[in-house]
1. Tell me, rounded to the nearest percent, the portion of alpha carbon pairs in region 282-368 spaced more than 14 Å apart.
2. Out of the DSSP beta bridges found with both residues in the chain, what percent are antiparallel (nearest 5)?
3. Hey, any idea what the orientation-averaged projected area of the convex hull of region 118-183's Cα atoms comes to, in nm²?
4. Express the Stokes-Einstein translational diffusion coefficient of region 226-286 in µm² s⁻¹, to the nearest whole number, given a Kirkwood radius over alpha-carbon pairs, 20 °C and a viscosity of 1.002 mPa s.
5. With N residues in region 151-285, what two-decimal value do you get for its Cα radius of gyration over 2.2 N^0.38 Å?
6. Stokes-Einstein diffusion coefficient for region 145-206 at 4 °C in a medium of 1.567 mPa s, Rh from the Kirkwood formula over Cα pairs: what value in µm²/s?
7. GluC sites (Glu not before Pro) within region 309-365: which are DSSP loop residues with at most 14 other Cβ atoms inside 10 Å?
8. Need one number: the % of Cα-Cα pairs in region 223-369 sitting beyond the 27 Å mark.
Amino acid sequence: MLRVAKISFWVLSILLICPFLLRSEPKPRKKKMPKRIIFLIGDGMGLAQISGVMVNYAGQNAFERFEVIGLSKTASADNYVTDSGAGATVFSIGKKAKNGAIGVDSAEKAHPSIFEIAKNNGWGTGVVATSSITHATPASFYAHVPSRKMEDEIAAFLLQQRCDIAIGGGQKFFTQRKDQRNLFTELNQIGFVTKHDSVLVQTDAPKLIYTLAANGLKTRQAGRGTLLNDAAKLAQANLTKYYTSSFLMVEGSQIDWGGHDNDFEYMKAELLDFNEVLNAVLDWAQKDKNTLVVVTADHETGGLSLLEDKQNLKSFVPHYSSKGHSGIMVPVFAFGPGSENFGGIYENTALFDKFKAIIERNGKSKQRK
């Protein structure tokens, strides 16, 4: 009986253990890659700007909706304190550049931009800004020149069709040029729709250059209204309609300009405008489920700090230490598929690497008919 009991015990043990021994290790789930990337840059927007503007904001704080937060180091190739040219060039080509450069490395050598990589993989591309579309940040995504001041030359890079949609200011760099060329006419000849109007009109086109001012746009305080949000929606609608995959860069350019003026109210109006755009983009991404949203700054502007207000201890006194930029790290916010790649602390060049990996892992895309 004892022997039978021992045999029964071992048989029962084997029967209980076998399913676990035979069970195969589950294959790791392949992470979903986004089909669309919307990259938003708050020029000059550091943590102090976000903290000071959003602390008592009664509306929806878009920054609190993000799933992943990181920090980006901002130094350029030749200066601990970067400018917007070098600050955006790292996002575009993944190389450190000297201050003032656009789309070239520290030796003034051009490298394939994230837009060129996207186009080579069949993606649509676009920029939207409240500056001119030839200004430092948007220019860095489609142009390669040694100096951001070369805006006539920058505008001509749009003829190379690396950027499908561009909306912002800058009309004079297309029609009032030193070389007397009319770039709008030349763009029309290669299939672009071109428009110049102070009022944004819905325009259905796979390739669109739309200038809304001779140079930079009005400030929000001067009555620009929801133009940045409307332009971003127009660009994204066209990219989604005509391209299976797309990369759109949207810049809140004048957050920086308010910082240079040490004008907290100017900066605040621009950052709240940017916040409206972020909420609209996040609403889109939540419904779409195939869109990665990434938000950062190229640098902080003004050396802003929020000091104690002895007259009102529940408020603060904005204090600027500079009319220029500072060298502190800036935040990175990410939402949607692929967002897990953007946490941590890293050089600003890493953003290019992360975007490039996503585009290339997606493989070739197709333009919709």
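None of the figures in this text is laboratory data; all of them are computed from the coordinates on show. No experiment lies behind these values; they were computed from the predicted model shown. Cβ atoms come from the backbone with ideal geometry, glycine included; neighbour counts cover every protein chain shown.
1. 74
2. The antiparallel fraction comes to roughly 30 percent.
3. It is 4.3 nm².
4. Value of D from the Cα-based Kirkwood radius: 170 µm²/s.
5. Ratio of Rg to 2.2 N^0.38 Å for region 151-285: 1.09.
6. 103
7. none
8. 35
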